[in-house]
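Q: Structure provided below as structure tokens; questions to follow.
The values are calculated or read from the model by the stated rules, or taken from the named source; none is laboratory data. Remember, it's a predicted structure, so these values are computed and weren't measured experimentally. Cβ sites come from the backbone with ideal geometry, for glycine too, and all protein chains shown count toward neighbours.
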């Protein structure tokens with residue numbers, strides 16, 4: 001695992017809705033830049049989607 005992956009995963013662990021969206025964008029950029037591999041990118045995106053789903057839907061009610 002790369003340092004970039006670990007940093008983004010850590011950021012996601014305490015992320016709010018806006019930060020989760022930022023992590024998704026950062027993960028895509030880090031993948032394009034070769035800082036993380038495709039599996040790491042996919043894991044970060046899925047984790048971010050989970051945070052967005054939990055906080056986004058929960059915030060409506």
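Q: How many of the residues in the stretch 32-44 are closer than 16 Å to residue 12 by Cβ and surrounded by fewer than 20 Cβ atoms within 10 Å (Cβ to Cβ)? Explain how you work it out, then say what you get.
A: Here is the first cut: in the stretch 32-44, the ones closer than 16 Å to residue 12 by Cβ are 35-36, 39-44.
Okay, now just the ones that are also surrounded by fewer than 20 Cβ atoms within 10 Å (Cβ to Cβ), so 35, 39, 42-43.
Matching residues across the stretch 32-44 total 4.
Q: What number of residues within the stretch 20-42 are within 9 Å of the chain's Cα centre (by Cα) and in contact (Cβ under 8 Å) with a residue 24 or more places away in the chain?
A: 4
Residue by residue, here is whether (1) at pLDDT 95 or above; (2) surrounded by 14 or more Cβ atoms within 10 Å (Cβ to Cβ); (3) not in a loop (DSSP other than H, G, I, E, B) holds:
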| site | (1), (2), (3) |
| --- | --- |
| 1 | no, no, no |
| 12 | no, yes, yes |
| 18 | no, no, yes |
| 21 | no, yes, yes |
| 30 | yes, yes, yes |
| 48 | no, yes, yes |
| 53 | no, no, yes |
| 57 | no, no, yes |
